1. Which shape class, rounded, prolate or oblate, goes with region 129-205 when its Cα gyration tensor gives a ≥ b ≥ c as root eigenvalues, a/c under 1.5 marks rounded, and past that a/b bigger than b/c marks prolate?
2. Determine the alpha carbon to alpha carbon distance for each of Lys90/Lys161; Lys90/Lys189; Lys96/Lys161; Lys111/Lys161; Lys111/Lys189; Lys104/Lys161 and list only those over 23 Å.
3. Separation between the Thr92 and Ala157 pseudo-spin-labels, each 7 Å from Cα along Cα→Cβ, expressed in nm?
4. Taking the Cα centroid of region 149-205 and of region 70-95, what is the distance between the two, rounded to the nearest whole Å?
5. Extension gain Asp69-Thr184, at 0.36 nm per residue separation less the Cα-Cα distance, in nm?
Amino acid sequence: MAKKKWKKQKRKNIRWPAVVAGVVVILLAFVFSLKNLSSPFTDNQQENEAQSHQQFIERLVPHAQELQDGYGVLPSIILGQAILESNWGKSTLASKYNNLFGIKAYGDQKKVSLETKEFVNEEWITIQGDFKVYDSWEQSMDDHTQLFVQGVDWNPALYEKVITATNYQEAAQALQDAGYATDTGYAQKIIQVIETYQLNQYDRR
């Protein structure tokens, strides 16, 4: 009687490791299959995103270089700001109202009121702002360049160093020093975008 009980227990001890091992193998196979299924989708998504980014850049480059020829603003700065400010042209302000640079509207200018974030007293706050509305991205780029050329009413030379900068690092820092954005890390963000996508290759000097 005792012998029969021992054999039964022994069979149980042998069976459980085999079951556990089988479950582990099945789980590993399932995880591996999911990984293989998701990888092509992820790769395609990244490829489409990269292609979309390149198309955005190529769309703006010709006019950006025309503006450099006419006024001296580096295309890398124009492109870098357009990418950063408009999220590759996908922001509401850019996609619906053709405002690539977040340029504010004053007085009777054609405008739209939207929420925006600004860095005030060392913290980000959401405010309602009036922004210019343009007929095209190129028109937005023209106005953006004229802001650098003409400055503002209280200081026509406010952005002079952006125009006279010999490289994108100087120009980006000049933008921040002039107070173009409230973000204290604005210059570094512009530089990072330019270097990540090698936008300085479009500069003609």
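Every read-out reported here was derived from the displayed coordinates using simple, explicitly stated rules and does not represent laboratory data. Quick caveat, the model's predicted, so the values are computed rather than measured. Using ideal geometry, Cβ is built from the backbone for each residue, glycine included, and neighbour counts are taken over all protein chains shown.
1. On the way: a/c = 1.44, a/b = 1.25, b/c = 1.16.
It is rounded, given that a/c, with a ≥ b ≥ c, falls under 1.5.
2. Working: Lys90/Lys161 29 Å; Lys90/Lys189 18 Å; Lys96/Lys161 32 Å; Lys111/Lys161 29 Å; Lys111/Lys189 27 Å; Lys104/Lys161 21 Å.
Violating the 23 Å limit, Cα to Cα: Lys90/Lys161; Lys96/Lys161; Lys111/Lys161; Lys111/Lys189.
3. Between Thr92 and Ala157, the simple spin-label model gives 4.0 nm.
4. Spelled out, the Cα-based centre of one part sits 12 Å from the other.
5. Details: separation 115, 0.36 × 115 = 41.40 nm, distance 3.01 nm.
That pair, Asp69 and Thr184, stretches by 38.4 nm at full extension.
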